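Accompanying notes for the structure given below.
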Amino acid sequence: MSSLVTSLATLSKNGSTGIIEINNPPVNASSQKVRQGMMECLRLVAEDKAITSVVLTCAGRTFMAGADISEFDLPELPRPDYNEVHAVMEALGKPIVAALFGTVLGGGLELSLSCQARVALASTKLGLPEVKLGLLPGSGGTQRLPRLIGLAPAIDFMTAGNPVSAAQALKMGFIDKVVDDGLLEQATAMAQALAEKQAAGEPLRVTSKLPIDKASGTPAFFEEYRNKQAPLAKGGSAARQIVRCVEAACEQSFEDGIIFERTAFIDRKNSADSRALRHLFFAEREATRIPGLAAGMELRPIRKVGVVGAGTMGGGIAMNFLNAGIPVTIIDLNQEALQRGLGIVRKNYEASAAKGRLTADQVTQRLGLFHGALDMAELGDCDLVIEAAFESLEIKKSVCKQLGAVCKPGAIIASNTSTLDIDLLAEVSGRPADFLGMHFFSPANVMRLLEVVRGAKTDPQVLATVMAIAKKIGKSAVVSGVCFGFIGNRMLEGYLREAELLLLEGASPAQIDGAIEAIGMAMGPHRMIDMAGVDVAAKVVIEQDKAGALPNDPSYRVVVRKLNELGRHGQKTSAGYYRYQGRTAIEDDAVWKVCEELAQKYGVKRRDNISDKEIVERCLYPLINEGARILEEGIAYRPGDVDVVWAQGYGFPAYKGGPMQWADEIGPAVICAALEGYGRQFGNAHGYWTPSPLLAKLATQHRHFSDLP
């Protein structure tokens, strides 16, 4: 018998067991209508004396994967709220067993904690990832989980925010049984067994009534846990609030703890860092929606991939596809370089196996898909070929011309260039419709960002195929139009220009990097260049100079070029903007002397009153201004696309949401005024300080980037 309650929640019977099924595709998020449906189902269960137990399950491919995040932007949560539903479940007086599968996250896991027991398929992933959105579990998670598994394990789990397997959850104690198949049958059997025990006089286990380990929850215990979290200024607010909520669970009744948790949740929900993290969450998903691409477009099959260049980047690119089970042929014209590249990939996999991240069989399987060759003709059967040659226009033109000749009809040809003209390389290949940019970030097998550069003649099917394969290999892909440096490196240019000028004016690399890192950047500009390679950064400037793309200013980016001439190539030579002991950066008077000499040579006045505020504004406000120009020109489709690039690829703090979201928090008018002020202070011969028309318009109209259509 089945009784339709709402379109999103239904109640049916299996003997004496009521089956409540949520059906809110695609991930069964807990919307208001879902909660209303559940309340009606629970009411019917309470009234039906023939129902002695309940199984809670979901339709589709997953159990509830979380809350409806769009509700977080409402002034208050629509009734009934989550805690009302959970309270009714615990007060029902009949055992409820959750049948878990797919991804059981956030509100979905909290819902299951309100049941008497939980059965999960072995493939299930379970987590409370709210901290990654600047939030905390706000539906009883901080109050129920410590009662189930203990204080320290609960805090560790919630503050990390990472999902665990069903086997791990069973070991931790918040799953009662793991099954390989027959989930609904096994959950039903458990529910009926609990009902029989209840009938025999055994009380139901109600999570909220379980004792909590108050003896371990000393002030010193919680203080130690707070100190383990990131500082408040570095995005640690949510994790610290989680610790405080668990502390409240030890200090207060469950009912008061729920109120405390909800107050803390609302505080977090309204915070700037949570708004920023939620913005990025949606922006990453929105970036996959490309204007002009028809839904359901047929994609080109990618069964085999070729990579040209067996260096660090080429090997890293290859690993992405090997990890996804796609065979890769890597080409290098030098036998020694080829063998070295193959060896590095092997060593990377063996290191992962040594750390327990891969099994020996997985290493063997992946390396079995990997082949090296010296002849470009070996790429003739590849469906996608990515050139990862040295960042030189002439070298890349030569490679792309060869690829146009050897690749089979319909094969996609991609360049991994970080700055060069994709349209020019596409024309050289002779196959511009099949050509685009795939700019991986180093290390390519680790960094999630992939800039997909759409050429003027790139076939829409090619773009759609590459966006789909990017998802398959676990990349966060953002589409860029063609311009120097695309989205990320084009914005980087003004940032690095001002960082160098500040060196000439008297700031040290350590002061500049410290000021930038203090606002949350993963590393300052000089530490970043030293890690990536001073020679690599200098090469970009030299290539710009050759192309006539630099301003008519002999002092432009002279420091990086001078350090390169001196052989100070960064960490790999133990000397760059810093000198290095291992990976430890140490200030070097030799760099100070270089900057003094260059300042004198180019007539730059030195001073000792450069503030951290000036450093941050001079480095990052031009970056925001360039982002606005990129939006004006249609190089990026949305402000969120720019933010994803910078958060995923350049270490911009996610809790500030990316540069455009951060600009909204600061205010476009404030940024415009600062740019104009620096223009008056330093002169504006090259237009460095002129606000872009879009930024100026937003400032004048008191609007934000988030207001753009």
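The values are calculated or read from the model by the stated rules, or taken from the named source; none is laboratory data. Keep in mind it's a predicted model, so treat the numbers as computed, not measured. Ideal geometry is used to build each Cβ from the backbone, glycine not excepted, and the neighbour counts take in all protein chains shown.
So the values come out like this:
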read-out: Residue ID - surrounded by the fewest Cβ atoms within 10 Å (Cβ to Cβ), chosen from residues in region 230-254 that are part of a loop (DSSP other than H, G, I, E, B) and at pLDDT 95 or above; value: SER253
read-out: Failed criterion for LYS471 (all others in (1) farther than 16 Å from SER415 by Cβ; (2) touching a helix residue (DSSP H, G or I) at 6+ places or on another chain (Cβ under 6 Å); (3) not aliphatic (A, V, I, L, M) hold); value: (2)
read-out: Residue selected from region 71-112 under the condition part of a helix (DSSP H, G or I) and among the aliphatic types (A, V, I, L, M), by the criterion nearest to LYS33 (Cα to Cα); value: VAL85
read-out: Filter result (hydrophobic (A, V, I, L, M, F, W, C), under 19 Å from ILE630 (Cα atoms) and not in a loop (DSSP other than H, G, I, E, B)) within region 446-481; value: LEU449, LEU450, VAL452, VAL453, ALA477, VAL478, VAL479
read-out: Some residue of region 416-429 being among the small types (Gly, Ala, Ser), within 27 Å of the chain's Cα centre (by Cα) and buried (at least 23 other Cβ atoms within 10 Å of the Cβ); value: no
read-out: Pair list, Cβ under 6 Å, 6 or more apart: region 39-57 residue free of Cβ contacts under 8 Å to residues at least 40 places away in the same chain, other residue small (Gly, Ala, Ser); value: CYS41/ALA9
read-out: Some residue of region 71-90 being at positive phi and either assigned by TED's automatic domain parsing to the domain that holds LEU135 or touching a Leu at 6+ places or on another chain (Cβ under 6 Å) (or both); value: no
read-out: Region 283-323, residues that are in a helix (DSSP H, G or I), over 21 Å from ASP381 (Cβ atoms) and of a type in the set (A, V, I, L, M, F, W, C); value: ALA283, MET313
read-out: Residue selected from region 324-347 under the condition assigned to a helix (DSSP H, G or I) and touching a helix residue (DSSP H, G or I) at 6+ places or on another chain (Cβ under 7 Å), by the criterion surrounded by the fewest Cβ atoms within 10 Å (Cβ to Cβ); value: ARG346
read-out: Residues of region 312-344 satisfying the condition of being hydroxyl-bearing (Ser, Thr, Tyr) and in contact with a strand residue (DSSP E or B) (Cβ under 9 Å, 6 or more places away or on another chain); value: THR329
read-out: Count - residues of region 6-51 that are surrounded by 21 or more Cβ atoms within 10 Å (Cβ to Cβ), more than 33 Å from the chain's Cα centre (by Cα) and either outside the structural domain of PRO95 (by TED's automatic domain parsing) or not hydrophobic (A, V, I, L, M, F, W, C) (or both); value: 3
read-out: Residue match in region 622-631 (condition: assigned by TED's automatic domain parsing to the domain that holds TYR556 and either touching a strand residue (DSSP E or B) at 6+ places or on another chain (Cβ under 9 Å) or free of Cβ contacts under 8 Å to residues at least 24 places away in the same chain (or both)); value: yes
